[in-house]
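The block underneath contains the structure these notes are about, expressed in structure tokens.
The values are calculated or read from the model by the stated rules, or taken from the named source; none is laboratory data. Being a predicted model, the structure only gives us computed values, none of them experimental. Cβ placement follows ideal geometry from the backbone for every residue including glycine, while neighbour counts extend to all protein chains displayed. Each accessible area value is taken on the protein alone, full model and side chains, heavy atoms only, with ligands, DNA and RNA left out. Shrake-Rupley method; radii C 1.70, N 1.55, O 1.52, S 1.80 Å.
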Amino acid sequence: MQMVSRLLVGIAGLLGLLVALRLWMAPEELAVQLGVQPIGPFGLATVRADVAGFFAGAGVFSILAAVRNRAVLLNAPLVLIGLALTGRLITAATSGITNEMIPPIAIEAGLLAVL
């Protein structure tokens with residue numbers, strides 16, 4: 001069971017890194033899919049730094065936790081993803097929920113369960 005858990009955490013980390021790489025390489029395309037409109041070089045830099053940095057940070061620490069078998073390394077991705085989910089739930093409570101918001105909420109809840 002421990003090996004399965006480590007494998008799932010490692011896969012989650014790898015997916016986070018792949019999203020970060022895609023955001024670094026083609027920020028306009030993926031940002032729009034995520035509901036963000038980067039405007040000019042400053043907007044592109046923000047997507048590459050803030051959004052990609054979020055995914056890369058969670059991905060790196062998840063992979064390190066899986067490889068080193070150190071659960072304490074999951075604290076960083078747990079906090080990042082937990083705060084992201086909190087932001088989504090606040091938006092749902094204050095602005096209403098749309099169909100587009102459901103998959104990211106489900107993914108973040110699922111990631112929290114895996115981590």
Report task. Could you please give the count of residues in region 22-56 that are more than 16 Å from Ile81 (Cβ to Cβ), assigned to a helix (DSSP H, G or I) and in contact (Cβ under 8 Å) with a residue 24 or more places away in the chain? Result -> 5
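Identify all residues within region 57-72 that are surrounded by fewer than 19 Cβ atoms within 10 Å (Cβ to Cβ) and either touching a residue at least 40 places away in the same chain (Cβ under 8 Å) or assigned to a helix (DSSP H, G or I) (or both); write none if there are none.
Within region 57-72, the first condition is being surrounded by fewer than 19 Cβ atoms within 10 Å (Cβ to Cβ), and the residues that meet it are 57, 60, 64, 67-72.
Selection gives Gly57, Val60, Leu64, Val67, Arg68, Asn69, Ala71, Val72.
Across region 89-105, what is the total count of residues that are under 13 Å from the mean Cα position of the chain (by Cα) and open to solvent by less than 60 Å² (accessible area, probe 1.4 Å)? Walk me through how you get there before you give the answer.
Going residue by residue through region 89-105, those that are under 13 Å from the mean Cα position of the chain (by Cα) are 103-105.
Next, from what is left, pick out any that are open to solvent by less than 60 Å² (accessible area, probe 1.4 Å): 104-105.
Counting residues in region 89-105 that are under 13 Å from the mean Cα position of the chain (by Cα) and open to solvent by less than 60 Å² (accessible area, probe 1.4 Å) gives 2.
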